[in-house]
Amino acid sequence: MRFVLEGPSAMRYDLPGRVTWADLAAGTAREIPQWMIDHQNDFRMLPGETLAGIVESYEQLAARSEKIIASVPDLSATHPLPEAPWHEPGSVHSVRRVLMHVFAETAQHAGHADILREALDGQAST
């Protein structure tokens, strides 16, 4: 959602002077940079974290996302994508596309959680 507000500067791998994906792919990076480790850890439950804390954080992010969406005057507004191996050069994403990506990712991963829950309790969702 920061991309909706700030464009490519919101994406950590777009900052000058940082190890880039190209550096890693080429084998020229001497070590994995901390920003990449931090980004990866955003998707893990780390020691000391609790499920309640993670759910509370998710709820805060959802509330912030609602405010951002409500403040955007045009869902067709675009920002250029930063240079990365998975982006076509010169590509842009609209606010609408970012929102659809967030919705799809949330639905997909909620589905993963549902599959795990079903495997544990044997109950299918209706």
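The values are calculated or read from the model by the stated rules, or taken from the named source; none is laboratory data. Given the structure is predicted, the values throughout are model-derived calculations rather than measurements. Note that we place each Cβ from the backbone using ideal geometry, even for glycine, and neighbour counts take in every protein chain shown. Only protein heavy atoms, including side chains, enter the accessible area calculation; ligands, DNA and RNA are left aside. Shrake-Rupley method; radii C 1.70, N 1.55, O 1.52, S 1.80 Å.
Find how many whole Å separate the alpha carbon centroid of the stretch 26-48 from the alpha carbon centroid of the stretch 70-90.
24 Å
Helix 95-121: angle to the longest alpha-carbon principal axis of the chain, degrees 0 to 90, nearest 10?
In the chain, helix 95-121 runs at an angle near 40 degrees to the longest axis.
Of H79, H87, H109, which is the most mobile in a GNM of the chain whose springs link Cα atoms less than 10 angstrom apart?
Evaluated over the chain, the most mobile residue of the options is H109.
Binning at 10 angstrom from zero up to the longest distance, how are the C-alpha pair distances of the chain distributed in percent?
10, 30, 34, 21, 5, 0
To the nearest 0.05, how large is the calculated FRET efficiency for D114 and H87 if R₀ is 41 Å and r is the Cβ-Cβ distance? Show your work: numbers first, answer last.
Values: r = 31 Å, r/R0 = 0.75.
Taking R0 as 41 Å, the efficiency between D114 and H87 is 0.85.
Express the relative contact order of the chain as a whole percentage, based on alpha carbon pairs under 8 Å and six or more residues apart in sequence.
Numbers: 70 pairs, mean separation 33.1, N = 126.
Averaging sequence separation for qualifying contacts and normalising by length gives 26 percent for the chain.
Sort D23, D42 by heavy-atom solvent-accessible area, probe 1.4 angstrom, most to least.
I get D42, D23, largest accessible area first.
Magnitude of the Cβ-charge dipole of the chain, K/R +1 and D/E -1, about the Cα centre, nearest 20 debye?
With Lys and Arg at +1 and Asp and Glu at -1, about 240 debye.
Roll a 1.4 angstrom probe over the protein heavy atoms and tell me the percent of accessible area of the chain that is carbon or sulfur.
59 percent
At 1.4 Å probe radius, can you tell me the per residue accessible area of the chain in Å²?
Here the residues of the chain average 76 Å² of exposed surface.
For the stretch 24-86, what class follows from the C-alpha gyration tensor (a ≥ b ≥ c being the square roots of its eigenvalues): rounded when a/c is under 1.5, otherwise prolate if a/b is larger than b/c, else oblate?
In terms of gyration-tensor shape, oblate.
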